[in-house]
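J.: Quick one: this structure, given as structure tokens, is what I'll be asking you about.
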Amino acid sequence: MRTKNVREVALEALLAVEENEAYSHLLLNQLIRAHQLSEKDIGLLTEIVYGTIQRRDTLDYYLRPFVKKARKLQTWVNILLRLSLYQMLYLDRVPDRAVIFEAVEIAKKRGHRGIASMVNGVLRAIQREGVPSLDAIADDTERLAVGTSHPYWLVKRWIAQYGLETAKNMCEANLLPPKQTARVNTARITVEEAMEKLAEEGVEVTRGEVAPEAVKAKKGNLAHTKTFQDGYLTIQDESSMLVARALKPREHERVLDSCAAPGGKSTHIAELMNGTGQVVSLDIHDHKVKLIEEQAKRLQLSNITAKVLDSRHVSRYFTGESFDKILVDAPCSGFGVIRRKPDIKYAKTEADLPALAALQLDILIEVALLLKAGGTLVYSTCTVDRDENEAVVAEFLRQHPEFELDDTLKERMPQAVRPYVKDGQLCLLPHYFDSDGFFIASLRKKV
């Protein structure tokens, strides 16, 4: 039986993210089931939780002058103030009086009258006086970091790598809600036929802007459709759909997807091969390999073989030069998918990046032994950090002169993204097409 209203559930979720480093997207699904929320409340809960996480540092900046004289707040009180202020500033359809009333009631329930009085006083003072201006922050980097709620070190890093204007565009793009897109299983159905099926279910979609097999939801949830359940769709961002096209698998080839879970790229490769050949999909965790197998079964793809295996040791299990194509969709910082997983920007630190780059290089070096002469090795990440992208590729090529950048990558890419392909590498930033930030490099093993 439902015992909590939507704002109490939001507080519970945000508290778990803050204190236990829970993943917000997984936690929300659990809480929605546990509290039996209505569709309307699910939408509000999702907006409050993701919005509060996305704007955390900005909200704290706005709150600071109003709580600075108070004693150190308990974590739950601070989060209650954040989520309440988020609604007041960013959700026009929710009246301030309703937000303040709910916040005070939650404070009474979880704490005592003194806390409730403080929460009421802070929120009403903000309602009267407004929030402090970001213009008071003199330093450009700090102002951008606080204004878009990104860690200072990350903004400074992006400015160094891309310049202030591009860094600003990326930070602002990361505050926008992500679009839901899906890849049509073109081995079984055309994009037009899939769109007709979805229309019959009352789901409104348009064609994707980048990938030719993409559809974009305008109304309805693609993952809840019979069209999805019957294996005609895979939920995937358009940037991610470009990876299999970069690889360009042909029928009857043997392809290795060395870091495959949850299987989106493996299944795309298998679809492009029209069910022929073999896609060997690896992951280090058994439960993630099961996800790959479930996806292959739903999509009716019989040419995928999933194995539990660490990609850093593949040469112990496979014969050298036994694959026509290899994909390394490497573990990374995930800084290209911040709009989908806002927790990432707070969980990662700059000290994490060298270890990730070393891991990425180790995997590339190991799997390269398995590629046939003349074969294609595609390296991809869902990050925009150049030390994990171009620098890793450059170091791999330095150590392996038998490989070269594949300048034909541009020919395999859709027209819309070709201007961003340079020297066999493609870096899509999140503001280019309102898609995930993504990096793809195509390498060719010399004959």
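The values are calculated or read from the model by the stated rules, or taken from the named source; none is laboratory data. What you are looking at is a predicted structure, and each value in this text was computed from that prediction instead of being measured. Ideal geometry is used to build each Cβ from the backbone, glycine not excepted, and the neighbour counts take in all protein chains shown. The protein model used for the area step is the full one, side chains on, heavy atoms only, and it has no ligands, DNA or RNA in it. Shrake-Rupley method; radii C 1.70, N 1.55, O 1.52, S 1.80 Å.
J.: Do any trypsin sites (Lys or Arg not before Pro) in the stretch 36-69 lie in a DSSP loop with no more than 12 other beta carbon atoms within 10 Å, and if so, which?
T.: Listed in order of number, the matching sites are K68, K69.
J.: Label points 7 Å out from Cα along the Cβ direction at A199 and A223: separation in nm?
T.: If labels sit at A199 and A223, their model points lie 2.7 nm apart.
J.: Right, next: Only bridges whose two residues both fall in the stretch 325-447 count here: according to DSSP, what percent of them are antiparallel, nearest 5?
T.: 75
J.: Continuing with the same structure: Around S435, what is the net charge, scoring Lys/Arg as +1 and Asp/Glu as -1 over all other residues with Cβ under 13 Å from its Cβ?
T.: 0
J.: Mind checking the per residue accessible area of the chain for me, 1.4 Å probe, whole number of Å²?
T.: 45
J.: While we're looking at this one, here's another question. Starting from 0.36 nm per residue, how many nanometres of slack lie between E293 and D423 once their C-alpha separation is accounted for?
T.: 43.3 nm
J.: In addition: With the full set of protein chains in place, find how many percent of the accessible area of the stretch 262-417 is carbon and sulfur; take the probe as 1.4 Å.
T.: The nonpolar share, carbon plus sulfur, comes to 51 percent.
J.: Just to be sure I understand: of the beta bridges DSSP finds with both ends in the chain, what percent are antiparallel, rounded to 5?
T.: Antiparallel: roughly 60 percent of the beta bridges in the chain.
J.: Over the stretch 65-180, with every protein chain in place, what whole percent of the accessible area is carbon and sulfur at 1.4 Å, could you tell me?
T.: 50
J.: Right, something else. How much mean residue ellipticity at 222 nm does the chain get from its helices, if each DSSP H run of length 4 or more adds -39500 (n - 2.57) and you divide by all residues, to the nearest 500 deg cm²/dmol?
T.: -14500 deg cm²/dmol
J.: Now for a different question. Relative to the longest principal Cα axis of the chain, at what angle does helix 238-247 sit, 0 to 90 degrees, rounded to 10?
T.: The two axes meet at around 20 degrees.
J.: For the pairs K248/K345; K288/K372; K109/K179; K290/K446; K226/K265, flag any whose C-alpha to C-alpha distance is greater than 30 Å.
T.: Table pairs above 30 Å Cα-Cα are K248/K345; K109/K179; K290/K446.
J.: Also: So who's got an amide H within less than 5 Å of the one on L91, skipping anything under 5 residues away but keeping other chains? H placed 1.01 Å off N, in plane.
T.: Sorted by chain and number, the residues that satisfy this come to none at all.
J.: Also: Gap in Å between the Cα centre of the stretch 55-113 and the Cα centre of the stretch 190-231?
T.: About 39 Å separates the Cα centre of the stretch 190-231 from the one of the stretch 55-113.
J.: Continuing with the same structure: For helix 75-90, report the angle its Cα long axis makes with the longest principal axis of the Cα atoms of the chain; keep it between 0 and 90° and round to the nearest 10°.
T.: It works out to around 80 degrees.
J.: Here's something else I'd like to know. Pick out, in residue order, every one of the trypsin sites (Lys or Arg not before Pro) in the stretch 91-123 that is DSSP loop and has at most 16 other C-beta atoms within 10 Å; say none if there are none.
T.: Counting only loop positions with at most 16 other Cβ atoms within 10 Å, the trypsin sites (Lys or Arg not before Pro) in the stretch 91-123 are R93.
J.: The stretch 242-338: which trypsin sites (Lys or Arg not before Pro) are DSSP loop and have at most 15 other beta-carbon atoms within 10 angstrom?
T.: Of the trypsin sites (Lys or Arg not before Pro), the ones in loops of the stretch 242-338 whose Cβ has at most 15 other Cβ atoms within 10 Å are R250.
J.: Quick one: what are the phi-derived ³J(HN,Hα) couplings along the stretch 274-282, Karplus 6.51/-1.76/1.60 with θ = phi - 60°, whole Hz, x for glycine and proline?
T.: Running phi through 6.51 cos²θ - 1.76 cosθ + 1.60 with θ = phi - 60° gives 6, x, 9, x, 8, 10, 9, 10, 10 Hz.
J.: Assigning unit charges at the beta carbon (Lys, Arg +1; Asp, Glu -1) and nothing else, what dipole magnitude in debye, to the nearest 20, does the chain show about its Cα centre?
T.: In debye, rounded to 20, the chain gives about 1320.
J.: Let me ask something else. Once you place label points 7 Å from the Cα toward the Cβ at E105 and N29, how far apart are they in nm?
T.: Placing both labels 7 Å along Cα→Cβ, they lie 3.1 nm apart.
J.: If you average the sequence gap of Cα pairs under 8 Å that are 6 or more apart and divide by the length of the stretch 201-325, what percent do you get for the contact order?
T.: Computed value for the stretch 201-325: 22 percent relative contact order.
J.: Continuing with the same structure: Taking amide H positions as placed 1.01 Å from N in the peptide plane, with prolines and chain starts having none, which residues 5 or more places from G375, or on another chain, fall under 5 Å of its amide H?
T.: Under 5 Å from the amide H of G375: K445.
J.: With each label point set 7 Å from Cα along the Cα-Cβ vector, what nm distance links L397 and D310?
T.: If labels sit at L397 and D310, their model points lie 3.0 nm apart.
J.: Here's something else I'd like to know. Using the alpha-carbon atoms, what tilt in degrees (0 to 90, nearest 10) does helix 24-35 show relative to the longest principal axis of the chain?
T.: For 24-35 against the chain, the angle is about 60 degrees.
J.: Which of T408, T234, T319 moves most in a GNM of the chain, Cα contacts under 10 Å?
T.: Per the Cα network of the chain with a 10 Å cutoff, T319 tops the list.
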